[in-house]
Structure formats: structure tokens, C-alpha cells
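Any read-out appearing in this document is the output of simple, stated calculations on the displayed coordinates, not a laboratory observation. Being a predicted model, the structure only gives us computed values, none of them experimental. Neighbour counts are summed over all protein chains in view; Cβ atoms, including those assigned to glycine, are modelled from backbone coordinates with ideal geometry.
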Amino acid sequence: MVDMADRASDTIIIEAPVDRVWAIASDIERYPEWALDIKEVAIIGRDDAGRPHEVEFRASALGRSTHYSLRYDYSEAPGRLAWSMLDGDIQRSIDGAYVFSDLGDGRTEVRYDLAIDLVVPLPGFVKRRAERRILNAIRELKVAAEA
């Protein structure tokens, strides 16, 4: 039997221009200020443009603290900010992206895609609760961008 990553996706309209939304989403060092589950961020490496490329996180998850590190991909900036896991304590893999679409009139559509494969399988009701919590990140981005 092959374990498959659990996937989740959500889309939201943010009443802010795409450049503002991009600036907040790509300012990874400041995530603990608006992403409630992110407790600590440490930049391990930067790309040639000085952007965070390898980042360690401490986050709350399912009533405990988890640590993981991500590699960020800016190759489709500012239309897409993608990431993939380098290392994690309770995760086998994490792959995700914010996809930004300028709607005009100072509004931005953001799609949040995430796939996570955990080391230990979880019951369905726990997975659904965790998915709602994870997808809340897009609403936290909206609040930060519209402030």
C-alpha cells in the first residue's frame, strides 16, 4: 500500500492589490506576526536576490509543536510562491503554493494549495479538523493584507 499525501485547496478574494498581497506572503520572516500557528521562523539560506530560500519553522499542530524546514521557489513570482519540505519531524512531505491573480480594482484572488504526508496516519475527523486549521492560513493572509 502506498501512502498518499493529503491535499487541500482554498481560494479567497482579498481586497488589496496583488503587489501588497505578494509582499506579505513573501515576507516569510514576518509570518509569526499574522499566521497564528507559526511560532518561530529561522532563515537558513537566501537566494541570489536575497529572498528566504531555506527556512526552518516551529508551528503548533494538533495540540503539539512541530518543526520543519521548507525550500521556497520564486521562479513564477509574483504570480506564484511555492514551497517543498526539506525536513520535518511529523511530516514525510509538504508541498504547497500561493497562486496570485490580479482581479483589477485593487483586488487579488489567492489560491492556496497544500499537500502533506504525515509520518503517522490520522483518523478522518482529525484530518478534517487539521485541514480546516491549515486552510485558515489563507484567511489570516487576507486579514493581514486588508489591514
Give the long-range amide H neighbours of residue 92: residues separated by 5 or more places, or on another chain, with amide H under 5 Å away, using H modelled in the peptide plane at 1.01 Å from N. 117, 118, 119
Hey, got the dipole for the range 1-80? About the Cα centre, +1 on K and R Cβ, -1 on D and E Cβ, debye to the nearest 20? 160 debye
The chain: calculated mean residue ellipticity at 222 nm from DSSP helix runs of at least 4, using -39500 (n - 2.57): -7500 deg cm²/dmol
What residues have an amide H closer than 5 Å to that of residue 86, excluding those fewer than 5 places away on the same chain, when H is modeled at 1.01 Å from N in the peptide plane? 69, 70, 71
When the Karplus curve 6.51 cos²θ - 1.76 cosθ + 1.60 is applied with θ = phi - 60°, which whole-Hz ³J(HN,Hα) does each residue of the range 83-89 get, with x for Gly and Pro? 8, 9, 6, 9, 7, x, 8
How far apart, in nanometres, would the label points at residue 15 and residue 87 be if each is projected 7 angstrom from Cα along the Cα-to-Cβ direction? 4.4 nm
What area, in nm² and to one decimal, does the C-alpha convex hull of the range 6-146 cast on average over all directions? 7.8 nm²
Starting from the 7 Å offset along Cα-to-Cβ, what nm value, one decimal, do you get for the label separation of residue 77 and residue 109? 2.4 nm
